[in-house]
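Visitor: Take this structure, written in structure tokens, and hold onto it; I'll ask about it next.
Computed from the coordinates by the stated procedures, all read-outs in this text should not be read as laboratory data. Just so we're clear, the structure is a prediction, and the values are computed from it rather than from any experiment. Cβ placement follows ideal geometry from the backbone for every residue including glycine, while neighbour counts extend to all protein chains displayed.
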Amino acid sequence: MQIFTTRRELQQFALGAKRSGKSIALVPTMGFLHEGHTSLMDIARGKADIVIVSIFVNPKQFAPTEDFDRYPRDFEGDLAKCEAHKVDVVFAPEISEMYDVNSSTWVEETVLAKPLCGASRPTFYRGVTTVVAKLFLLAQPDYAVFGLKDAQQCFVIQRMVRDLDFPVEIIPAPLVRDADGLALSSRNRYLSADERRRALSIHQSLLGAKARIISEKTFAPAISEAVEKVSAAGGKVDYIEILDCDTMAAPDENSKRVILAAAAFFGTTRLIDNEIFEL
Ligand code: PAF
């Protein structure tokens, strides 16, 4: 496994690989890798000749009040996991390598990125699309794999790829849960045992709301009940909403696939989860 820390090394490697007819799959991450990430690497491995994993805690997607400084990091552990999952290249740049000091260009998707996490974290998705666009230009992937835990991120990146003609296929990968149902996230590390137990209410309430929406064909009572359940478990609900996956607007009579998405704080930790289903 090769480790690159400069943009030049990665881009030269990727352009050389493409010239010799090899396909590339990219798995962008912020490190502190867990089974959700390794499942993305396995999908990537099944798709392309070369698997590249980027490990970069991207400051541009954190607001000044957020957890950039304390975001968990474990570079040695991450490398061992990449090696075990047959990754060919790890790209792990420093911030000063990734962004020039006077970097002033953003890539911003302006519709799908607005609700849900985009409403609570207004600068988040433009930070994501900016770094992902750079990673696509550096790693030249034919495929890029993104987990559906942040399904909105996946939809935003698919729209960016379509709108800007990036020659890359986005592969959305299933959300991975712990045995008790909690969606895997590097931020789960922040939870105390008690917060973690109470945070299970997010997934449970989404499942309850989904069943009720499918059987009753109305949204509001099911969503209010889900908000009540998470609040009763001590969570501070940021949002629980149902949106059309294609428009990220309220579902209407043409909607087919919807996302029932939640974000809630347990203690100071903000967790997200979702259920995607057909109406
Ligand atoms: O999902 C993440 O871990 C990040 O948002 C990503 C896609 C690696 C961009 O920094």
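Visitor: Starting with the fewest neighbours, write out D178, D69, D273 ranked by other beta-carbon atoms found within 10 Å of each beta-carbon. Spell out each step's value before the answer.
Guide: Working: D178 16, D69 8, D273 23.
The most exposed by this proxy come first: D69, D178, D273.
Visitor: Shifting gears a bit: Among the lysines, which have Cα under 24 Å from the Cα of K18 when same-chain residues fewer than 8 positions away are ignored?
Guide: K47, K86, K134
Visitor: Between the stretch 183-239 and the stretch 53-71, how far is it from one alpha carbon centroid to the other, in angstrom?
Guide: Computed from Cα coordinates, the inter-centre distance equals 25 Å.
Visitor: Short version: what are the Cα gyration tensor semi-axes of the stretch 174-248, square root of 5 times each eigenvalue, largest first, in whole Å? Write down the numbers at each step before the final one.
Guide: Details: eigenvalues 105, 45, 26 Å².
Its equivalent ellipsoid spans semi-axes of 23, 15, 11 Å.
Visitor: So between Q11 and R73, what do we pick up on full extension, going 0.36 nm a residue minus the alpha carbon distance?
Guide: Details: separation 62, 0.36 × 62 = 22.32 nm, distance 2.48 nm.
19.8 nm is the gain from fully extending Q11 to R73.
Visitor: Here's another thing I want to ask about it. Calculated FRET efficiency, S215 and T65, Cβ-Cβ r, R0 41 Å, to nearest 0.05?
Guide: It comes out at approximately 0.50.
Visitor: Right, another one. Test of understanding: express the Cα radius of gyration of the stretch 1-141 as a ratio to 2.2 N^0.38 Å, with N the residue count.
Guide: Working: Rg = 15.3 Å, N = 141, 2.2 N^0.38 = 14.4 Å.
It is 1.06.
Visitor: For the stretch 12-69, how big is Rg over Rh, using alpha carbon atoms and the Kirkwood form of Rh? Write down the numbers at each step before the final one.
Guide: Values: Rg = 14.4 Å, Rh = 13.1 Å.
With Rh from the inverse mean 1/r over Cα pairs, Rg/Rh is 1.10.
Visitor: How far is it, in nm, from the label point at L207 to the one at F277 when both lie 7 Å from their Cα along the line to the Cβ?
Guide: Rounded to a tenth, the inter-label distance reads 1.2 nm.
Visitor: Give the percent of DSSP beta bridges with both residues in the chain that are antiparallel, rounded to the nearest 5.
Guide: On the way: 19 of 38 bridges.
Bridges in the chain are about 50 percent antiparallel.
Visitor: Kirkwood Rh, the chain, all Cα pairs: how many Å?
Guide: Numbers: mean 1/r = 0.0511 Å⁻¹.
One decimal place: 19.6 Å for the Kirkwood radius.
Visitor: To make sure I understand the rule: partners must be aspartates and glutamates, Cα under 19 Å from the Cα of K60, and not fewer than 8 residues away in the same chain. Which ones qualify?
Guide: Within the straight-line limit of under 19 Å, K60 reaches these aspartates and glutamates: D69, E94, E97, D100, E108, E109, D150.
Visitor: Additional query: If a paramagnetic tag sat 7 Å from the Cα of L184 along the Cα-Cβ line, which residues of the stretch 261-279 would have the backbone N under 19 Å from that point?
Guide: Of the residues in the stretch 261-279, 271-276 have backbone N under 19 Å from the label point off L184.
Visitor: Can you give the longest stretch of the chain with no exposed loop site, where a site means GluC sites (Glu not before Pro) in a DSSP loop (not H, G, I, E or B) with at most 11 other C-beta atoms within 10 Å? Before the final figure, lay out each step's value.
Guide: Numbers: sites that count: E94, E253.
Free of exposed loop sites, the longest segment is 95-252.
Visitor: Which of the DSSP-defined H helices in the chain satisfy a minimum axial length of 24 Å, computed from C-alpha atoms, and a minimum mean Kyte-Doolittle hydropathy of -1.0?
Guide: Working: long enough: 193-216 (35 Å, -0.41).
Answer set is 193-216.
Visitor: Now a separate question. For a quick check: with amide H placed at 1.01 Å from N, whose amide H comes under 5 Å from S54's, ignoring anything fewer than 5 positions away on the same chain?
Guide: Distant-sequence amide H within range of S54: V27, T29, F91.
Visitor: How much net charge surrounds Y125 when only other residues with a Cβ under 11 Å from its Cβ are counted (Lys, Arg +1; Asp, Glu -1)? Write down the numbers at each step before the final one.
Guide: Details: positive: K60, K114, R121, R126, R159; negative: E108, E109, D150.
Charge balance near Y125 sits at +2.
Visitor: Just check the stretch 212-276 against the gyration tensor rule for me: Cα atoms, a ≥ b ≥ c as the square roots of the eigenvalues, rounded for a/c under 1.5, and otherwise prolate or oblate depending on whether a/b exceeds b/c. Show your work: numbers first, answer last.
Guide: On the way: a/c = 3.07, a/b = 1.67, b/c = 1.84.
Oblate shape, in that a/c is at least 1.5 and b/c is the bigger or equal ratio.
Visitor: Tell me which residues come under 5 Å, amide H to amide H, from R177 once H is placed; ignore anything under 5 positions away on its chain.
Guide: Those lying under 5 Å, H to H, from R177 are L184.
Visitor: Next question. Zone of S23 (label point 7 Å along Cα→Cβ, backbone N under 17 Å): which residues in the stretch 130-155?
Guide: Only 140-146 pass the distance filter.
Visitor: Mind telling me which of Q152, Q61, Q12 comes out most flexible in a GNM of the chain, alpha-carbon contacts under 10 Å?
Guide: Of Q152, Q61, Q12, the most mobile in the Gaussian network model is Q12.
Visitor: So who's got an amide H within less than 5 Å of the one on I3, skipping anything under 5 residues away but keeping other chains? H placed 1.01 Å off N, in plane.
Guide: For I3, the qualifying residues are V90.
Visitor: If you don't mind, another one. Starting from 0.36 nm per residue, how many nanometres of slack lie between R257 and L200 once their C-alpha separation is accounted for? Walk me through the numbers on the way to the answer.
Guide: On the way: separation 57, 0.36 × 57 = 20.52 nm, distance 2.46 nm.
Once the chain is fully extended between R257 and L200, it gains 18.1 nm.
Visitor: While we're here: Over the stretch 90-202, with a single point scatterer placed on each C-alpha, what log10 of the ratio I(q)/I(0) does the Debye formula yield at q = 0.10, 0.11, 0.12, 0.14 1/Å?
Guide: Computed log10 I(q)/I(0) values: -0.38, -0.46, -0.54, -0.72.
Visitor: Expressed in nm to one decimal, what extension gain is obtained for the pair A80 and Q158 from 0.36 nm per residue of sequence separation less their Cα-Cα distance? Please list the in-between numbers first.
Guide: Details: separation 78, 0.36 × 78 = 28.08 nm, distance 3.00 nm.
Using 0.36 nm per residue and subtracting the Cα-Cα distance, I get 25.1 nm.
Visitor: Between A119 and E35, what is the label-to-label distance in nm when each label sits 7 Å out along the Cα-to-Cβ direction?
Guide: Going by the 7 Å Cα→Cβ label model, 3.3 nm.
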